[in-house]
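Following: one structure in structure tokens, then a few remarks.
The values are calculated or read from the model by the stated rules, or taken from the named source; none is laboratory data. Computed from a predicted structure; not experimentally measured. When we count neighbours, we look across all protein chains shown, and the Cβ atoms used for this are built from the backbone with ideal geometry, even at glycine. Please note that ligands, DNA and RNA were not included when accessible areas were found on the heavy atoms of the full protein model with its side chains. Shrake-Rupley method; radii C 1.70, N 1.55, O 1.52, S 1.80 Å.
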Amino acid sequence: AERVAAEREAALDLIDAADRLPLAVALIAARLRAGPTLRLADMAVRLRQGATAIRVRGRSVDAAIDLSYRDLHDGVRAVFRLLGLYPGADFTLPAAAALAGLGIGEVRDAVERLLDENLLREPMSGRYSFHDLVRRFAAERGRAEVAAPEQARALTRLASWSVAVTCAAAEAVGQARCLSSPSPPPAGTVPSFTGPVSATEWFEHERHNLFA
């Protein structure tokens with residue numbers, strides 16, 4: 001509140017530059033929280049420059065997302081790009097770890113940073129998703145900045161994980177006919193089901209992602 005009061009005109013300029021879009025304003029606020037010494041006027045200049053650079057898409061929210069994306073650590077940006085390739089609607093940490101080829105701890109740190117930046121949301125405990133506009137931006141970055149062979153490897157890792165967990169869940173409900181996994185999933189990413197109830201719950205949550 002003190003920062004807005006001290007730079008009221010700049011605050012209004014930021015909102016105007018964001019076309020009053022709630023997602024864009026939230027992303028800008030996240031950047032300002034992360035940079036307590038950053039002047040609102042300087043952020044407004046950065047946002048307008050970014051909007052000019054991507055005006056061909058005509059979305060101020062893209063400029064706000066781009067500001068947040070460029071300020072991420074390299075490792076977090078890499079996870080963000082790969083998550084843009086994820087075909088489902090939402091994902092868990094193990095799925096993200098399989099896709100990124102990283103340990104659960106590394107992925108958790110990246111996901112928490114993306115949550116802090118409003119680049120991800122957690123609609124259900126332990127399940128994460130993109131806002132539609134952020135998903136589109138992440139998909140563009142993934143296709144543009146991840147080499148085709150790495151894209152293929154990432155999706156193969158995700159497929160391998162999906163097959164392995166589906167097999168474990170099928171065994172837990174007494175249906176043990178399983179496909180062969182293309183490659184072993186990352187260690188520690190396949191959950192242990194306690195019985196048919198937990199396995200059935202997993203299928204209920206994941207069925208749309210599995211179809212995708």
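Protection proxy ranking, highest mean first, for peptides 157-170, 34-47: 157-170, 34-47, where packing is the per-residue count of other beta-carbon atoms within 10 Å, averaged. Expressed as a whole percent, the accessible surface of the chain that belongs to carbon and sulfur atoms is 55, based on a 1.4 Å probe.
Across the chain, Cα pairs under 8 Å and at least six residues apart give a relative contact order of 19 percent.
Ranked by the mean number of other Cβ atoms within 10 Å of their residues, highest first, the peptides 24-30, 188-194 fall in the order 24-30, 188-194. Cα centroids of the stretch 1-38 and the stretch 65-133: 24 Å apart.
Evaluate E = 1/(1 + (r/R0)^6) for Asp42 and Ser180, where r is the Cβ-Cβ distance and R0 equals 35 Å; express this FRET efficiency to the nearest 0.05.
0.05
If the chain linking Arg135 and Arg8 were pulled fully straight, counting 0.36 nm for each residue of separation and taking away their Cα-Cα distance, it would gain 42.5 nm. For the stretch 45-162, a/c is not less than 1.5, where a ≥ b ≥ c are the root eigenvalues of the C-alpha gyration tensor, and a/b tops b/c. That puts it in the prolate class. Sequence-distant contacts, meaning Cα pairs under 8 Å at least 6 residues apart, place the relative contact order of the stretch 86-212 at 31 percent.
Heavy-atom accessible surface of the chain, averaged per residue, reaches 53 Å², computed with a 1.4 Å probe.
Cα gyration tensor of the chain, axes a ≥ b ≥ c as square roots of the eigenvalues: rounded (a/c below 1.5), prolate (a/b > b/c) or oblate? In terms of gyration-tensor shape, prolate.
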